Amino acid sequence: MTASIPSDLDTFFVANRARIEQELFEFLRIPSVSARSEHNADTARAAQWLAGAFGTAGLKAEIIPTPGHPVVLGEWRGAGPDRPTVLVYGHYDVQPAEPLDLWTSPAFEPTVRDGRIYARGSVDDKGQLYLHVKAIEAHLRVRGRLPVNIVVLAEGEEEVGSDNLGDFVRAHRDRLRCDAVVISDSSMFAPGQPSILSSLRGLTYLQLDVEGPSSDLHSGIYGGAVVNPATALARIIATFHDANGRVAVPGFYDTVRDWDPAIRARMRALPFDDAHFLAEVGAPALNGESGYTTLERVWARPTCEINGLLSGYTGEGAKTVLPSRAMAKVSCRLVPDQEPAAIERLMQAHVDRVTPPGVRARVTHLHGGRAWRADLTGPLYDAAAQALEAAFHRAPVIVGEGGSIPVVDDFAKALGAPILLMGFGLPGENAHAPDEWMSVENFELGMRAVATLWDLL
Ligand code: BES
Ligand code: ZN
């Protein structure tokens, strides 16, 4: 039997559509860029704003400080102890908006074009967090109650690695105890195709500094007699992969767990088109670890990527200089059961081994988080499938994800509850890039799916 969206809640969403959109735009106008200290006041303001929105929705709101950006909690426990308790998680921080000149409309001035809301954070994750808040509001305004107890936990450090949230979850384990965790911070497989996520990759993020002479040198007077740190860095990072696209750091794959054959078969059956993917990324060709499909490469296999490089003269024209240092930002995406700290040690040992004489190399930890894989059985997933079908008129597919949400593994370990990731982003949504957008239709249908889910639980 297929469920349908409760008509009383649907009427609320229709009647309040303009107000809900205006409120979301207010949220999106706050540049809560967690990575930048000059935005700390904005990030704090976003937390305040969100706490106010929790109150409007009928939740008891509290802002709880952490050593970094605060956690905002919203609670409604009126359903009683014999009803399930759900923990909804999202993040109110966003990635930096640069390069600003590549945005069609300003990053923090939300603009609707062609059924899309363009703004930094529209899909990652303010829009997706906010649709949960409004789904709760619909229940509480229309019926005066929710069929489940709800705790909403919003953090302000997801985009910088959630360094303080694991401790927060463990310290507040009793308060966060729940029967299900629900998260919307990911994307659907295709437009109109609702999706339930079965995995996230983990992350080890490092900075690699190579130091040579004590200051930049004239490349004519000294070049040829001193090891060039830029060349040394290039040689080091060139050893990270072999010719088959595998990570060539010894021990890197030792703890990689194989995929459940049933999930792997379901993923192989998804209608994925390499040519379409290639057009989306706009590169001359696709390439990666040999022996795996594109989806497996991004969802199921670990990687090592250079995220940034810095050395020497990069301004206009030519400058004959031998740089004194070179730097790379390096991140490894991990799969179960790779431990971020263990991978960091392997990377460090490898760099020590391959660093050429004449320079010093230093590896610094930036952040890390474990991968996660779901067990997609049980009533939570059945209810989610029905709720998604009610809103989108299509049964959901099971997908994987190459990105990371570091706290998910902390939730799994500390709370022991099943975790449902149902995202409402879309391919090509430009998360972390200029012109990030969220589909207005997905916002509307996502809100309805979530509101329906609470009834079905
Ligand atoms: N929403 C993403 C995670 C994600 C990305 C889910 C793509 C589904 C598809 C999240 O906000 C994010 O970007 N996480 C960072 C984590 C990192 C900074 C520790 C990521 O994956 O780079
Ligand atoms: Zn993100």
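Figures for the structure shown
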{"quantity": "All strands (runs of 3 or more DSSP E) inside the stretch 15-124 with 2 or more residues being open to solvent by less than 40 Å² (accessible area, probe 1.4 Å) and not β-branched (Val, Ile, Thr)", "calculated": "71-76, 85-91"}
{"quantity": "Residue within the stretch 165-175 that is in contact with a helix residue (DSSP H, G or I) (Cβ under 7 Å, 6 or more places away or on another chain) and within 15 Å of ligand 1 (Cβ to nearest atom) present", "calculated": "yes"}
{"quantity": "Selection status of Val407, buried (at least 21 other Cβ atoms within 10 Å of the Cβ) and among the aliphatic types (A, V, I, L, M)", "calculated": "yes"}
{"quantity": "Of all residues making up the stretch 131-164, the number that are within 16 Å of ligand 1 (Cβ to nearest atom), touching a Phe, Trp or Tyr at 6+ places or on another chain (Cβ under 6 Å) and more than 30 Å from Leu206 (Cβ to Cβ)", "calculated": "1"}
{"quantity": "Where Val86 falls short, out of the listed (1) in contact with a helix residue (DSSP H, G or I) (Cβ under 9 Å, 6 or more places away or on another chain); (2) more than 18 Å from Thr452 (Cα to Cα); (3) hydrophobic (A, V, I, L, M, F, W, C)", "calculated": "(2)"}
{"quantity": "Test for Arg297: is it open to solvent by 70 Å² or more (accessible area, probe 1.4 Å), on the phi < 0 side of the Ramachandran plot and not β-branched (Val, Ile, Thr)", "calculated": "no"}
{"quantity": "Residue among Val160, Val112 that alone is β-branched (Val, Ile, Thr), away from ligand 2 (no atom under 16 Å from the Cβ), touching a strand residue (DSSP E or B) at 6+ places or on another chain (Cβ under 8 Å) and in contact (Cβ under 8 Å) with a residue 60 or more places away in the chain", "calculated": "Val112"}
{"quantity": "The stretch 297-341: number of residues that are under 30 Å from Ala265 (Cβ atoms) and either among the small types (Gly, Ala, Ser) or in contact (Cβ under 8 Å) with a residue 12 or more places away in the chain (or both)", "calculated": "18"}
{"quantity": "Residue within the stretch 58-74 that is modelled with pLDDT of 95 or more, closer than 16 Å to Gly121 by Cβ and out of contact with any Gly (no Cβ under 9 Å at 6 or more places or on another chain) present", "calculated": "no"}
{"quantity": "Residues located in the stretch 307-335, provided they are surrounded by fewer than 19 Cβ atoms within 10 Å (Cβ to Cβ) and more than 30 Å from Gly220 (Cα to Cα)", "calculated": "Asn307"}
{"quantity": "Wholly within the stretch 126-193, helices (runs of 4 or more DSSP H) carrying at least 1 residues that are open to solvent by 10 Å² or more (accessible area, probe 1.4 Å) and in contact with a Leu (Cβ under 8 Å, 6 or more places away or on another chain)", "calculated": "127-143, 173-176"}
{"quantity": "Filter result for Ala390 (within 16 Å of ligand 2 (Cβ to nearest atom) and surrounded by 20 or more Cβ atoms within 10 Å (Cβ to Cβ))", "calculated": "no"}
{"quantity": "Filter result (closer than 25 Å to Pro406 by Cα and not in a strand (DSSP E or B)) within the stretch 200-215", "calculated": "Arg201"}
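The values are calculated or read from the model by the stated rules, or taken from the named source; none is laboratory data. Every value quoted in this text rests on a predicted model; they were computed, and no experiment measured them. Backbone-built Cβ (ideal geometry, glycine too); neighbour counts: all protein chains shown. Note: areas computed on protein heavy atoms with side chains; ligands, DNA, RNA excluded. Shrake-Rupley method; radii C 1.70, N 1.55, O 1.52, S 1.80 Å.
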